[in-house]
Each structure stands twice: as C-alpha cells, then as structure tokens.
Amino acid sequence: MIIRKLFKFENAHIVRQCTSRRCSRSIHGHSYKVELLFSAPSLDRGQMVYDFGLTKGMIKDFIDSFDHAITLWSGDDPAYIADMKRWSERWVQLPVNPSAEQFARTIFLLVDALMKQTDMVNGESEVALEGVVVHETDTGYAHASREDAYNSTMGPTKLDTITFSNRVREEWRDPEMFAKLLRGERFKNPDIV
C-alpha cells in the first residue's frame, strides 16, 4: 500500500545552464509542493502504513529548510554564492543545480537516510520511502524514485555535500539533526500528541 504526505514551501533559485533565459539568468521563486510517497507490505499496530503525525518532526524540518530560503548550486559563480549568503540568512547549498528534478532527488536522499536511521516503535519496520514528487508550478513537477535518487550519473548522492545555513539549522527542533544524520546516529520516532 502507498500513502502520500504533502508539504509546501516558498523558495528562490537560479537554474544555471537551462534552456530558458529567465530561469537561468534571473533569481526567481516558486511555491513548491512536495509529495512524499511511503509504502509498506503490511500495516503497523494502528493499521497504518506510517502515521502522518510522524512526518511533522525531523522530516518536516528538513523540507522546511527550503522555505523562504534561496537554494544555491555549489558549482555557481563564487561571487554570486557569497553575495547570496551575505544577504540571506536562510539558504541551502546543493552540489547540484536546484531544478525540480534535483530538489526531488535531494529530498528523497534526506528523508530516506532519516527513515533508515530511525528506530520505529509501532510496528512500522517495513515502511519505505517510495518516491518524492516536487511540484514547481501547478502544471510541472518532477518525480524521483529510489533509482533516480541514488543514480550518480544524475549528480552527487552524498549528503555531506549539502550545506544548510546557520539560521536554517537554528530553526530545527534539534539544530544538530543533520550532523547526527551524517554521523549515522540512530533516531527514535517521537511520541505524537
């Protein structure tokens, strides 16, 4: 069975080297919608694939990292990157161009790593992230599967090549969340009220 959880964020970017001049040469923003698709061959003790409430913790924090932020490509002009970081306290720097396709891959990698390092407490042990759909506009979206997310020909797949600004990290429930993820620490699904 597959379930879907929808998130939203506002983000600015430039997608260098794309065909569209407006997109590749002007900072612009989108109202993104992100769908996480979870699957499981069986249900947990609550008869769910995965309690939606569990996505309101660290998963939401990672996705919210992009809200009211600028997403930068580490391969962009160093002066541009420095200026954007100087004038924006909320930014995320990726090792890939911040297209909808790469947003889908990046979010997949983050959430998948988090899920793999989380000790499930209600019988959800077989739940898996099936896909991530990133709607950049009402009419255009990108869908990343596991195969896409870990396909190195589409760009780097290592989480340690992603950088979150200090301000973004300070706003997480646990400012050390990403560092812990990179160190391979275990997480526990929180109790939900």
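The values are calculated or read from the model by the stated rules, or taken from the named source; none is laboratory data. All values derive from a computational prediction rather than experimental measurement. Using ideal geometry, Cβ is built from the backbone for each residue, glycine included, and neighbour counts are taken over all protein chains shown.
The lone criterion from (1) buried (at least 17 other Cβ atoms within 10 Å of the Cβ); (2) within 19 Å of LYS60 (Cβ to Cβ); (3) at pLDDT 95 or above left unmet by PHE187 is number (3).
Is it true that ILE70 is in contact with a strand residue (DSSP E or B) (Cβ under 7 Å, 6 or more places away or on another chain), surrounded by 18 or more Cβ atoms within 10 Å (Cβ to Cβ), under 18 Å from ILE162 (Cα atoms) and aliphatic (A, V, I, L, M)? Answer is yes for this residue.
Residues checked against (1) of a type in the set (Val, Ile, Thr); (2) surrounded by 15 or more Cβ atoms within 10 Å (Cβ to Cβ); (3) assigned to a loop (DSSP other than H, G, I, E, B); (4) touching a His at 6+ places or on another chain (Cβ under 8 Å):
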| position | (1), (2), (3), (4) |
| --- | --- |
| SER24 | no, no, no, no |
| PHE38 | no, yes, no, no |
| PRO41 | no, no, yes, no |
| ARG45 | no, no, yes, no |
| GLY53 | no, no, no, no |
| ASP76 | no, yes, yes, no |
| GLN93 | no, yes, no, no |
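Is there a residue in segment 116-135 that is buried (at least 19 other Cβ atoms within 10 Å of the Cβ), in contact with a Phe, Trp or Tyr (Cβ under 9 Å, 6 or more places away or on another chain), of a type in the set (D, E, K, R) and modelled with pLDDT of 95 or more? No, every residue in segment 116-135 fails to be buried (at least 19 other Cβ atoms within 10 Å of the Cβ), in contact with a Phe, Trp or Tyr (Cβ under 9 Å, 6 or more places away or on another chain), of a type in the set (D, E, K, R) and modelled with pLDDT of 95 or more. The set of residues in segment 149-166 being over 18 Å from GLY57 (Cα atoms), touching a residue at least 40 places away in the same chain (Cβ under 8 Å) and not in a loop (DSSP other than H, G, I, E, B) consists of ALA149, MET154, LEU159, THR161, THR163, ASN166.
Residues of segment 103-111 include none that is over 11 Å from the mean Cα position of the chain (by Cα) and in contact (Cβ under 8 Å) with a residue 60 or more places away in the chain.
Given the structure, is ARG169 buried (at least 17 other Cβ atoms within 10 Å of the Cβ) and either touching an Asp or Glu at 6+ places or on another chain (Cβ under 7 Å) or closer than 19 Å to THR106 by Cα (or both)? Please lay out each step first, then the result.
Numbers: buried (at least 17 other Cβ atoms within 10 Å of the Cβ): yes; either touching an Asp or Glu at 6+ places or on another chain (Cβ under 7 Å) or closer than 19 Å to THR106 by Cα (or both): yes.
Yes.
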